[in-house]
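Colleague: Once you've had a glance at the structure underneath, I'll fire off some questions.
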Amino acid sequence: MREKFFNTEEFKKLTLSQAFEFAKDNPDLLVKTSLEVIEKEDKVLNAFISVNKEAPRGVPIGIKDNINVQGIETTCASKILKGYVATYDATVVKKLKSTGFSVVGKTNLDEFAMGASTEYSAFGPTKNPHDIERVAGGSSGGSAAAVAAGEVVAALGSDTGGSIRQPAAFCGVVGFKPSYGLVSRYGLVAFASSLDQIGPITKTVEDSAILMNIIAGKDENDSTTVERQIDFTQFIGKELPRMKIAVAKQSFDEGVEEGVKQKVEEFVGFVENFGHSVELVDIDEIKYSVATYYIIAPSEVSSNLSRFDGVKYGLRISAEGLREMYEKTRGIGFGDEVKRRILIGTFTLSAAYYDAYFEKAQKVRRKIAMKLNNVFEQYDFIVTPTSPIVAFKIGSVSDPLVYYMMDIFTIPANLAGLPAISVPFGKVGHLPVGIQIMGPRFSDAKVLGFADQIERHLKDK
């Protein structure tokens, strides 16, 4: 009977709690089936960069390929790291392994997590399971597609400006970015250290809460982690009291697709129906978030990526002199988007422009954080669409500025270090739409509880 169960599409629907229960009696079958599904589905989707065919028994999970898993390549989807095999487990991976998870592979991403579509990967784009002509989102597109297609029960991604939430929205799954400092970044290849945060991509909100209870916690290897005892499942399955919700007025701005606006309007009526108070609030500072982010993040990139020089690890292009070796290695090893951000960051950190750009951006970052905190003095959550658009066709966006604006609603949570979740809320045509719920710092359990309440009411609808 159980063998029959796993020869059907039912495996793809397994939640974490179901998988843990099943693994007690069938410790080998979950990983075996996951690898079979990956072999079949990934020929089309390209969600995985590498597959661990020797994965031990346990609950199968995918890990974004900028997070170290000992003994497996960590490429960051870049030519410059092709062939680099991680010598240690990231803290989150160590915690997962100790609680019965098995890493079945490393998932595709935009190179060094810089992008919103997983088109900027040295290993080719990941395709959206809902429409293989469209992107899966990014930069954690591989993780989102793998979960949506049922290749794994859950996956980890990293989120610097929306890289967990936006692909989750495009692929119709749940993506959660925790408060900054709750999850160790030790073993995550740094993009922008003051913004990066590891988080779960799952089929249900409860699964995200379960994963958070495992991966969160103070880590002596990461000085930015905080000592904070949170039970992330404390509100799961419960009816929250009447909440005050601020829907950002900017959710209905000109750049937001009509179908997405309609879903936000439906969401307002939906949550009002089960007792919550909703008000439209003007958060004008949102419009500055993209410009602020694209000064701060590239500045940190130019510093963090200076270590990839052909000397220590990864790609090395031979040359007569040291400088020429640096230039050739980085010129061939990095893709165009990574080069673009390194150049922007080097420019904004230069002595002549530091005050004019970087220092001003840091001040605006503080103003955005203050505005959000002021809103949270009156409201429990801020709601926006996760993305202003649904998944677009592969290769259809070439203008970097158009591309960057896709993160307008997700970036503020990173700038302010706040928890935010994307939950699926219907479709526009055949393409999923995600609604983003953002809360005050360290209100992660409450954000998850509210998202879970929405998910349960949607099922009852």
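The values are calculated or read from the model by the stated rules, or taken from the named source; none is laboratory data. Values in this document were obtained by computation on a predicted structure and should not be read as measured data. Cβ placement follows ideal geometry from the backbone for every residue including glycine, while neighbour counts extend to all protein chains displayed. Surface accessibility is based on the protein's heavy atoms, side chains included, excluding ligands, DNA and RNA. Shrake-Rupley method; radii C 1.70, N 1.55, O 1.52, S 1.80 Å.
Colleague: When you check Gly449 against the structure, is it crowded, with 21+ Cβ neighbours inside 10 Å and either at pLDDT 95 or above or assigned to a loop (DSSP other than H, G, I, E, B) (or both), yes or no?
Modeller: Working: crowded, with 21+ Cβ neighbours inside 10 Å: yes; either at pLDDT 95 or above or assigned to a loop (DSSP other than H, G, I, E, B) (or both): yes.
Taking the combined requirement at face value, the residue satisfies it.
Colleague: Sticking with this one: Is it the case that region 9-25 has a residue that's open to solvent by 10 Å² or more (accessible area, probe 1.4 Å), of a type outside the set (Lys, Arg) and touching a Cys at 6+ places or on another chain (Cβ under 7 Å)?
Modeller: Looking through region 9-25, none of the residues is open to solvent by 10 Å² or more (accessible area, probe 1.4 Å), of a type outside the set (Lys, Arg) and touching a Cys at 6+ places or on another chain (Cβ under 7 Å).
Colleague: Return the only residue of Ile295, Ile286, Ile236 being in contact with a helix residue (DSSP H, G or I) (Cβ under 9 Å, 6 or more places away or on another chain) and outside any helix (DSSP H, G or I). Before the answer, list the steps.
Modeller: Numbers: Ile295 fails: outside any helix (DSSP H, G or I); Ile286 fails: outside any helix (DSSP H, G or I).
None of the other options fit; the residue is Ile236.
Colleague: Ok, one more. Could you please find all residues in region 118-130 being open to solvent by less than 40 Å² (accessible area, probe 1.4 Å), closer than 16 Å to Asn66 by Cβ and of a type in the set (Gly, Ala, Ser)?
Modeller: If the condition is that a residue be open to solvent by less than 40 Å² (accessible area, probe 1.4 Å), closer than 16 Å to Asn66 by Cβ and of a type in the set (Gly, Ala, Ser), then Ser121 is the only one that fits.
Colleague: Identify, please: which residue in region 31-69 is open to solvent by less than 10 Å² (accessible area, probe 1.4 Å) and without any contact (Cβ under 8 Å) to a residue 40 or more places away in the chain and is, among those, farthest from Thr91 (Cα to Cα)?
Modeller: Across region 31-69, the extreme among qualifying residues is Thr33.
Colleague: Please list, ordered by first then second residue, the pairs with beta carbon atoms under 9 Å, 6 or more apart or interchain, first in region 71-83 and over 22 Å from Tyr326 (Cβ atoms), second of a type in the set (Gly, Ala, Ser).
Modeller: Sorted first by the residue in region 71-83, then by its partner, the pairs are Gly71/Ala86; Ile72/Ser50; Ile72/Ala86; Ile72/Gly105; Glu73/Ser50; Glu73/Gly83; Glu73/Ala86.
Colleague: Being closer than 26 Å to Leu16 by Cα, touching a residue at least 24 places away in the same chain (Cβ under 8 Å), of a type in the set (Ser, Thr, Tyr) and open to solvent by 10 Å² or more (accessible area, probe 1.4 Å) is the filter here; which residues of region 84-108 pass it?
Modeller: Of everything in region 84-108, those that are closer than 26 Å to Leu16 by Cα, touching a residue at least 24 places away in the same chain (Cβ under 8 Å), of a type in the set (Ser, Thr, Tyr) and open to solvent by 10 Å² or more (accessible area, probe 1.4 Å) turn out to be Tyr88, Thr91, Thr99.
Colleague: Considering only residues that are of a type in the set (A, V, I, L, M, F, W, C) and modelled with pLDDT under 95, look in region 389-430 and name the one that is farthest from Thr292 (Cα to Cα).
Modeller: Keep residues of region 389-430 that are of a type in the set (A, V, I, L, M, F, W, C), which gives 389-392, 394, 397, 401-402, 405-406, 408-409, 411, 413, 415-416, 418, 420-421, 423, 425, 428.
This time we only want the ones that are modelled with pLDDT under 95, so: 397, 401-402, 405-406.
Working: Val397: 22, Leu401: 13, Val402: 16, Met405: 12, Met406: 14 Å.
Per the criteria, the residue is Val397.
Colleague: Working carefully through the options Pro400, Pro419, find the one that is surrounded by fewer than 17 Cβ atoms within 10 Å (Cβ to Cβ), in contact with a Lys or Arg (Cβ under 8 Å, 6 or more places away or on another chain) and either over 20 Å from Ala248 (Cα atoms) or not polar (S, T, N, Q) (or both). Spell out the reasoning first.
Modeller: Working: Pro419 fails: surrounded by fewer than 17 Cβ atoms within 10 Å (Cβ to Cβ).
The unique qualifying residue is Pro400.
Colleague: Give the number of residues within region 351-388 that are open to solvent by 80 Å² or more (accessible area, probe 1.4 Å), modelled with pLDDT of 95 or more and assigned to a loop (DSSP other than H, G, I, E, B).
Modeller: 2
Colleague: Would you check which residues across region 298-319 are of a type outside the set (D, E, K, R), outside any loop (DSSP other than H, G, I, E, B) and open to solvent by 10 Å² or more (accessible area, probe 1.4 Å) and list them?
Modeller: Of everything in region 298-319, those that are of a type outside the set (D, E, K, R), outside any loop (DSSP other than H, G, I, E, B) and open to solvent by 10 Å² or more (accessible area, probe 1.4 Å) turn out to be Ser302, Ser303, Asn304, Ser306.
Colleague: Go through (1) open to solvent by less than 40 Å² (accessible area, probe 1.4 Å); (2) under 18 Å from Thr160 (Cα atoms) one by one and return the number of the condition Thr224 breaks.
Modeller: (1)
Colleague: Still on this structure, please answer the following. Residues being in contact with a strand residue (DSSP E or B) (Cβ under 9 Å, 6 or more places away or on another chain) and closer than 16 Å to Thr204 by Cβ: count how many of those fall in region 137-155.
Modeller: First, pick out the residues of region 137-155 that are in contact with a strand residue (DSSP E or B) (Cβ under 9 Å, 6 or more places away or on another chain): 137, 139-148, 151-155.
Okay, now just the ones that are also closer than 16 Å to Thr204 by Cβ, so 143-144, 146-148, 152-155.
So the count comes out to 9.
Colleague: Based on what the data block shows, is Gly181 open to solvent by 10 Å² or more (accessible area, probe 1.4 Å) and over 12 Å from the mean Cα position of the chain (by Cα)?
Modeller: On the way: open to solvent by 10 Å² or more (accessible area, probe 1.4 Å): no; over 12 Å from the mean Cα position of the chain (by Cα): yes.
For Gly181, the condition - open to solvent by 10 Å² or more (accessible area, probe 1.4 Å) and over 12 Å from the mean Cα position of the chain (by Cα) - is not met.
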